[in-house]
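Report on the following structure.
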Amino acid sequence: QVQLVESGGGLVQAGGSLRLSCTASGFSFSRYGMGWFRQAPGKERGLVAAIAASGGRTVYTDSVKGRFTISRDNAKNTVYLQMNSLRPEDTAVYYCAATSVGIATITSSYNYWGQGTQVTVSS
């Protein structure tokens, strides 16, 4: 059974940091690209960051470049999202997802999804 379990969300003040984790099971994690997406109320789910299976390539949405870092540990079947200098507009439910495509930026390319973790940034 495939599972992606996110953790690390919470409430933080603007300028603060959070580290999200997503632990996978039930599939060959090291063969899948991974992504972090977010969805704010009334908005579509969109890519935050993605990382290739080997970890050798990453992509970020423009609004988080220089503030967020995606990484992975294939020995632990875990992908991380380090979020620094958080802003109120980063408030959303954050989802991790797995893709067999390699590295992907659109939701339809992802095969598996976690349940999400809430991140709230207060001003």
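Structure notes:
- Segment 82-123 - Rg and Dmax from Cα coordinates, angstrom: 12.7, 38
- Sites Ser85 and Ser28, calculated FRET efficiency, Cβ-Cβ separation with R0 41 Å, nearest 0.05: 0.75
- Calculated accessible area for segment 68-115 comes out at 45 Å² per residue, all protein chains present (probe 1.4 Å; ligands, DNA, RNA ignored).
- Taking each residue as 0.36 nm, the span from Ile106 to Arg19 lengthens on full extension beyond its C-alpha to C-alpha distance by 29.0 nm.
- In terms of its Cα atoms, the chain spans 40, 27, 25 Å along the principal axes, sorted from long to short.
- The chain, accessible surface, carbon-and-sulfur percent (1.4 angstrom probe): 44 percent
- Lys65/Gln118 FRET efficiency (R0 25 Å; Cβ-Cβ; nearest 0.05): 0.60
- Cα-derived Rg over Rh, computed across segment 1-40 with Rh taken as Kirkwood radius: 1.06
- Top of Lys43, Lys65, Lys76 by mean-square fluctuation, Gaussian network on the chain, Cα under 10 Å: Lys43
- Each label was represented as a point 7 Å from its Cα along the Cα-to-Cβ direction; for Val5 and Lys43 these points are 2.9 nm apart.
The values are calculated or read from the model by the stated rules, or taken from the named source; none is laboratory data. Because the structure is predicted, anything quoted here is derived from the model rather than measured. Counting neighbours? That spans all protein chains shown, and the Cβs are built from the backbone with ideal geometry, glycine included. For accessibility, only protein heavy atoms count, side chains too; no ligands or nucleic acids. Shrake-Rupley method; radii C 1.70, N 1.55, O 1.52, S 1.80 Å.
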